[in-house]
Every structure is written in C-alpha cells, then in structure tokens.
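Written out below as structure tokens is the structure these notes cover.
Only the coordinates and a few stated rules stand behind these numbers; no lab work does. Predicted model, so just to flag it, every value in this text is computed and none were measured. Virtual Cβ from ideal backbone geometry, glycine too; neighbours counted across all protein chains shown.
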Amino acid sequence: MSTEDGAKTWSTPLAKTLADVINTTGPVSVAAYMRQCLTAPEGGYYTRLTEGRDQFGEKGDFVTSPEISQVFGELVGIWLYAEWLAQGRKDKVQIIEVGPGRGTLMDDVLRTISSFKAFANSIEAIYMIEASPYLQKQQARVLSGNDNLNKTDLGLTNTCKYLPGVNIVWCEDLRFVPKEDTSTPFILAHEFFDALPIHIFQNESNSSIPASSTIMTPTGPIKPKHGALAPQNQWHELVVTPIMSPPPTTTASPEKLEKDKMNVPEFQLSVSKSPTPHSLYLPQISPRYKALAKTPKAIIEVSPESLSYVSDFAERIGGSSPTPAPSTQTPVSASTTLKGSTPVASFKKEQPSGAALILDYGTSNTIPANTLRGIRAHKRVSPFAAPGTVDLSADVDFMALAETAINASPGVEVHGPVDQAFFLETMGIRERVERLRKGAQGDEEKIKRLESGWTRLVDRGPTGMGKIYKALAIVPYIEGKGVRRPVGFGGGVVG
Ligand code: SAH
C-alpha cells in the first residue's frame, strides 16, 4: 500500500514499528519477529484487546481440542490423578498450566479432580502462566466465577470455584512460580510450545565470512577475530526484512485494497550473509543438528525458549543436573532471548515428584523445517501479512524437548511422543463418551456434539487431530525403582 505521495503505509501499527526498527538496526531473527507479533504489549496477537472476541473457537481463528469436547480435559484430569496415585499420593501439589487460552482445559481438569477428594485436598495452589491480560481475566471468569484479580508478590490471584480454599495465581512467566524441594508440580502445556518463537537456520555450502563482516549481537557489533574464514558448510540464520517497494498502482476498489492490505506479505525472509549470535551456537547444541552440518540447504528450526521452558519443567520435577545441561547453556550475548535460562543455583529435590504433560502438534523424531505458519479465521495466511492480527505458530520438535528435559535433570524420564489418538484411547475416551451419551439420552443435539467431538479428536487420517497432535510426558525417575510407563503412554494404572 502507498499514500498519494508514494510513501508506504502499513497494514497495522505493529507492522510500521517492526519496519522502523529493522530499517534502523538491521534485520531481525524470525524469533524476534514472532515474539513481537504474538505478545508485543501494543498490538501483539495474544496481547491486544480483541473487542468481545477472542482467538479461539468457530468465531475466532482456530479451534483447539479442549474447546471441541469436555472429554479432552476430563481425561487429562484423570491422567493427573493416575500419576498422583502412582507416585504415592504426595502432598504440596501445584497444578500449573502454561498458555491456558480461554481456561477451558483447566476448567474440565479441575471439575474432574474435585471429585477425587484426597487428590483435591493435596493441592496447595493453581498457577496459570499467561502473557495476555485479557485472557487472564477470561480464565478468571471461568475458573473463579468473576474477574476481580488481586495483586500479590507472585502475580494476580483469585479463588478456585471447584476447590474451596485453594487460590489460583496468574503469572506472566513460569519463573514466578515458587520452586520448592518438597513441592509436587503437575504441569500442563496444551498448544503452548507451538506458539513459542523459533530461529531458522539454513546450511550453506561454500560459505565464507567476509573479513569485513560484522556480527550483530545484542551488546553491539563485533568483528570476527581471525578475519575471513575459508569457504565451508555453515549455518546461516534466516532473518526478516520489510518489503519496501510500493505495490504497482491498481484500479481496484477501496474495499478490495483494504482486504488486500490484510493479506499481502509486508516482510520477507532472507539468508543472513554474516553470522548472528544464534547461528554461531544454536546449531551446535544437539548432535541431531550437527548430523546435518554438511548437508547443503538443510533447514532446521530451533526454539530456545521452548528448550528453556522444558528444562524448567524437568528441574521442577527431578531437580537440576549437577552440571548445566549443554542445550541450555547460552552465550552471554544471547541471554536476552532465552527467558529463564540464565544460570541458576542448582536445585535439589528431596525426591523427584510431579509430572508434565505436553500436548501439541509437531514432529516425533525429525527436525521441523519450513513449518512457520500464519492462521486467521481458520485459513492459512502468510505469516508476514498484517502482523499482530495473524496467529503465528510452528511445529514442535518433540525430540528436542525430550533430549533437553533429560539433560536438564537426572531425576526425570520422558515418555512419548505418542499420537493424540493413542493417548486418548488408552485413557478411555470411548468409555467416557459412552457414559456421557447415556446421561444425555433424549438430548439429540448434545449426543451429536459428543459424537462429532470425540471422533474429531482421535481421527487418524493424515491431517486428523489424532495423528498430527502428540503427547509427551515427563515423569520422575527414582533410582532403583526402574522405569514406570505412565497411563496413556502404554502403562496401566498403579497405586
Ligand atoms: N491451551 C489453550 C490455548 C492455546 S493458544 C488451548 O489449547 O485452547 C496459546 C496460549 O499461550 C494463549 O493463551 C496465549 O496467550 C499464551 N501464550 C503465548 N505465548 C506466551 C508466552 N510467551 N508466555 C505466556 N503465555 C503465552
């Protein structure tokens, strides 16, 4: 779009801010672009006010499993109960959810848990990790019955309508959730990791870094110490730049121009010519990336924020490794992008306890490549059009999460990923739906909804939710006790 004097106009205020920043300080990583588009305080996709309409459901941009059927959250609640039983009925339980959306999953989980009295009594507090102040209020309306949030040292709080005497605490970041050696944290992450920013690297053969090139770091530019490097395979980061050229003049109607404005990409990806702080270290953190070091044009997507979150999950369950895990070590220059991963004092647990259940879409064992996508109103759109109005996400690299969790804590084991269909079916989705169907006799509408909901969740077709969504569990590893498969991952109920 351009004004009469030929100056470019941007689709959203955020697009203009991003373009101005890039034009002043240089191209930004895909991760920095995603972070701004998703959670910038002014105009981020999750953080902006959406005037009576949120991102979820048929009227929003996408539908998630907990929104499709109450059975999803009920089975997750039963999974937590089964873990709590298998671990010897611990007290001081924390229920934590990262990225809770509308609060539907937690609502179904807490309603289910409230009928297991001993488990419910062991719960000390519920923590909701949510970046959006509007969604925090929405979650409070669902879980507390009102959105009067009280400020405390940890965050905002309200009571839980299902568990008398238990508080719900809203925090922007997992780091604010107390980490105690005697706590038993049960952590849920549904469609959270796909919303965390990724860096993208492409392997370039015959890549040589010119002697004159400077490396941009958050603390300022630095020159390579040894001048130009000999040509060789190297990882180059894909970076984001604005498309500055005004589009050709058209005779289209103002309505059409307005519509186009929301769909035309305003930014583009290009291969960074010089190394970035991230291209120098992220492709080195795992043998899986190193195995592709000599494959020209190989592309890898790496989400350091995801790795940092999953390390935190593992440490809360199993205590931290005596030596820091290789995949979370960060050069000081890049620490600003790695929330929560700055070296912390080692955290010892009295005994490993708790669990994390990660449900999302992504790859089981391959490294995601070319998976950055934009979604608006249930349709794929360019991730570079109308920043802040489009949901951005990328496939979750489950193997990277598993590898990182194991490196982060000697006190955990990881199970899965298994397909969502396998998880839900072995958790008893058929039996649960059958019971609900009997209870709904005569209510044809409800029966239809139940039927279509559960079949959609376990659909094993190539693009079905049962196939593309996966479940991964992080559970305690206690020396001498051997491996115990959790229910839903091939194990039976114990305890
Ligand atoms: N779990 C929900 C919502 C998934 S959408 C469901 O399945 O329906 C992603 C959620 O994560 C939203 O609630 C969004 O506001 C939140 N979110 C995204 N990035 C975040 C971040 N960096 N920190 C905390 N919350 C974040």
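Data for the structure
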item	result
Between segment 149-175 and segment 68-135, the alpha-carbon center distance in angstrom	14 Å
Spacing of the two label points (7 Å from each Cα toward its C-beta) at residue 117 and residue 483, in nm	3.9 nm
Förster radius 45 Å - calculated FRET efficiency between residue 252 and residue 181, Cβ distance, rounded to 0.05	0.10
Ranked 278, 236, 378, criterion: other C-beta atoms within 10 Å, fewest first	378, 236, 278
Additional length obtainable on full extension of the chain from residue 172 to residue 378, 0.36 nm per residue less Cα span	71.5 nm
Residue list for segment 290-319, given a label point 7 angstrom along the Cα-to-Cβ vector of residue 205 and an amide N cut-off under 11 Å	294-298
Cα-projected label distance for residue 443 with residue 288, points at 7 Å along beta-carbon direction, nm	4.3 nm
Residue pairs, from the table 259/297; 90/161; 161/348, whose Cα atoms sit over 28 Å apart	259/297; 161/348
Note, ³J(HN,Hα) from phi for segment 484-490, Karplus 6.51, -1.76, 1.60, rounded to Hz, x at Gly and Pro	10, 6, x, 4, x, 10, x
Karplus-derived 3J(HN,Hα), 6.51/-1.76/1.60, for each residue of segment 74-85, Hz, glycine and proline x	5, 5, 5, x, 5, 4, 4, 4, 4, 5, 4, 5
³J(HN,Hα) computed for each position of segment 366-379 - Karplus, 6.51 cos²θ - 1.76 cosθ + 1.60, integer Hz, glycine/proline x	9, 8, x, 9, 6, 10, 5, 9, x, 10, 9, 6, 6, 10
With at most 10 other Cβ atoms within 10 Å, longest stretch of the chain clear of loop GluC sites (Glu not before Pro) (DSSP)	59-349
Nitroxide proxy distance, nm - points 7 Å out along Cα→Cβ at residue 49 and residue 89	5.0 nm
Amide proton proximity set for residue 374, modelled H, under 5 Å, gap of 5+	381
